[in-house]
């Protein structure tokens, strides 16, 4: 093999393959990846991912490492399998004398009795023993945890399987982050050709006294066949996702939450609290020919719960609508708090009559400054909280506060394989590092010109050599005692 | 007992435990420094007279007594720390591993647990000074940097309300404790051989550091023309420059490393220590490897359990979060450690240096990350909340 490699050209396949199979190459690859991963960790996360972890050269290095692992495994496969299942029992006598851990013992006991005593001693030390009698001599092979040697192959191949699964998942899977669901609102399509709709029926959250969230309860419904099929219900929380369709189906995870404020207008003379038909204000008022009463389509703003029942507007923004029947324009203007200037958060509601003729300015009918935003039950619905409503005739302008659940929806068929690969990596590492395999060879032959026998014992362990030396000394003493003691049996 | 009372007992026990550990460290240091008492022996004098001689009168604080005292004080400190953490657990209702005050204390508690078991099995106390140096550093960092946290209970975030907290963080504590023990054994090895004073012991670390700096340099050159995806001549030039730098570094690193490996593993290198301490040094080398070998499957489990938990809580098993990256770095590093030990047959001072560097990586992963994240303005889901 070496000759053929030497004879080949600089970039021949044989030479490259030979280089890939070397442990030095694998160590250099590991070291290079280690250095790059460290370097990337010092960059801001998005830059680190984009410039390092998702760069072509990082993928190339990982690819080379996988090739290196595969080539190393292919080189060792036969040897490891042979070591584990087909280790030769008989060797030449010189073999038993070589090595760091070897000893010799001569005894007056004949070969047969010495071998049975030695085998018993080795078995009592926890070794599996094979014996062969050849030409009047006894050859003994004893080993512990021989199958655990396979752990090397299992752990390395599992790393390759893990990487392959991750790549497959990257192509076959998808993840939609922070899909917004309004509690009690309309169902939203999951998309990706699933034909599924997702709806949040109700969303509750508990807060600690300092205002930080304690837990969530998001009551979800999945509707099949684009809203025309069966409904499935599930309550999810942060660590309790919904595996819709099992592990190969779709995962729905509670990701975040929010509170959205909406300005509504209702007719106080009506028994029901339906929203008056409106148009979004960005439309020209003249074009407001088909006003809607859909409450969920009203412009909304996010609020941050403070934990004491009050809410803090997030950012500064304006939402507004026009009521064509009443010819009123309503605006809601949030201003975030400015702690440096001791300015509190404010919510300004303005009700105005739009200009009737060209050149006329807008006539402000009422302006309300809410500070802080108050909380109260609106129209007997406990999940709605309003500010002080503004009444203009029979029209009541109020602030509704809605709960929003943000969920992550994903599908990754590779995840079970990824975790199975991780489990196999772990299994391989445990078997190799927690069950150190060791092997003993014993050759018992007749003493030349006498009735006794000579025992040659040799041991080998790949890991924990010093510990094995001590163990070998104990075993050899035990074998000696067993063989000598067998005289008296 | 009220929550305030439990916290008060916890705080007092923890601070008391710290000072007991400090005394314990002094005893362990004395145990190492004080020379072994010469045993008395028989002297044959002129005229055949036999006398007992050679042995100096046994001092009150001989090495054995100092060692026994150190262990006794260590157990006392351990009991106090256990009481402190136990009371905190009782007060808040969950394992005290969730913030910057609790995590180092829990980590140091686990190190002492592992060490006290190992001390019995190793039948020597010479590693105690290094172990308690680490333990004292961790407990001191927690108690004096976040001391006020001892009276405060942080509400447990929704993502942490899971059995995976116990499994994942518990496994991480045990893993890092074994790596810490490996680091302490390596420190002891370097101290006893004097190798810590020799620059060649650390020369191996120069190349990885050079490569990291080179890559960072390359990345910053790459960023210079702009971070948008549009290709430009400057961007292409930057990528080429980056690739050349990487290639040169890889070639240089490969040549130097290969030479170094050849030197270390070649005929001129004797991995078996010599001298009167040879047996002890060989045992230190072996124990260090064993402690780290126990930790390697455990760090794999930590990564795996973290990935499963992240998949459940955050809908993705891997998000290149700094904590995840540094756990991966720890795994890759120790995988390298095991490979050069088992496949390349490295022994002695280079392995001890690798053991110490490994523990430094563990410390960065466990504690230093909060500072890296803060300094480099990196977002992380894992940084422990700083207690007020």
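Readers should treat all values here as calculations from the given coordinates under stated rules, not as data from a laboratory. Keep in mind that this is a model prediction, so the values were computed, not measured. Methodologically, a virtual Cβ is constructed for each residue, glycine included, from the backbone with ideal geometry; neighbour enumeration extends over all protein chains shown.
Within 10 Å of each Cβ in B:293-305, how many Cβ atoms from other chains are there, averaged over the peptide? That average works out to 5. Modelled this way, with points 7 Å down the Cα-to-C-beta line, the labels at residue A:164 and residue B:116 are 4.9 nm from one another.
If R0 is 60 Å, the Cβ-Cβ spacing of residue B:62 and residue B:145 corresponds to a FRET efficiency of close to 0.95.
Taking a ≥ b ≥ c as the square roots of the Cα gyration tensor eigenvalues, with a/c under 1.5 meaning rounded and otherwise prolate when a/b beats b/c, else oblate, which class fits the range A:442-487? Taking the square roots of the gyration eigenvalues as a ≥ b ≥ c, the range A:442-487 is oblate. Start at zero, step by 10 Å, and the Cα-Cα distances of the range A:2-77 spread as 18, 38, 26, 13, 3 percent across the bins. Quotient of the Cα radius of gyration of chain A and 2.2 N^0.38 Å, N being its number of residues: 1.68. Once the chain from residue A:365 to residue A:92 is taken as fully extended at 0.36 nm per residue, the excess over their C-alpha distance is 87.4 nm. For the range B:130-196, treating each Cα as an identical point scatterer without solvent, what Debye log10 I(q)/I(0) comes out at q = 0.16, 0.19, 0.24 1/Å? The Cα Debye sum returns log10 ratios of -0.79, -0.94, -1.07. Exposure proxy ranking for A:458, A:477, based on other Cβ atoms within 10 angstrom of each Cβ and starting from the fewest, stands as A:477, A:458. Applying 1/(1 + (r/R0)^6) with r as the Cβ-Cβ distance of residue A:192 and residue B:167 and R0 = 25 angstrom yields a FRET efficiency of 0.15. With respect to chain A, whose longest principal axis is taken over its alpha-carbon atoms, helix A:415-433 is tilted by about 30°.
Note on residue A:77 and residue A:60: their simple-model spin labels are 2.8 nm apart, each label 7 Å out from Cα toward Cβ.
Can you grab the distance from the C-alpha centre of the range B:288-364 to the C-alpha centre of the range A:74-124, Å, no decimals? Here the two parts' Cα centres lie 36 Å apart. Averaging 1/r across all pairs of distinct Cα atoms in the range B:99-158 and inverting the result yields a Kirkwood radius of 12.7 Å. Per-residue ellipticity at 222 nm computed for chain A from its helices equals -10000 deg cm²/dmol, with DSSP H segments shorter than 4 residues left out and the rest contributing -39,500 (n - 2.57). For an R0 of 22 angstrom, estimate the FRET efficiency from the Cβ-Cβ distance between residue A:135 and residue A:451 and round to the nearest 0.05. After rounding, the FRET efficiency stands at 0.80. Over every Cα atom in the range A:128-174, the radius of gyration and the widest Cα-Cα span, Dmax, amount to 21.3, 70 Å. To the nearest ten degrees, helix A:56-85 and the longest principal axis of the Cα atoms of chain A are 40 degrees apart. For the segment B:154-163, counting C-beta atoms of other chains within 10 Å of every residue's C-beta and taking the mean gives 5. Counting Cβ atoms of other protein chains within 10 Å of each Cβ in A:227-240 and taking the mean gives 2.
Taking other C-beta atoms within 10 Å as the exposure proxy, A:156, A:86 rank A:86, A:156 from fewest upward.
Ranked by the mean number of other Cβ atoms within 10 Å of their residues, highest first, the peptides A:184-196, A:422-434 fall in the order A:422-434, A:184-196.
Residue exposure proxy: B:26, B:363, B:190, A:332, ordered by other Cβ atoms within 10 angstrom of their Cβ from fewest to most, comes out as B:26, B:363, B:190, A:332. The long axis of helix A:111-124 is offset from the longest Cα principal axis of chain A by roughly 20 degrees.
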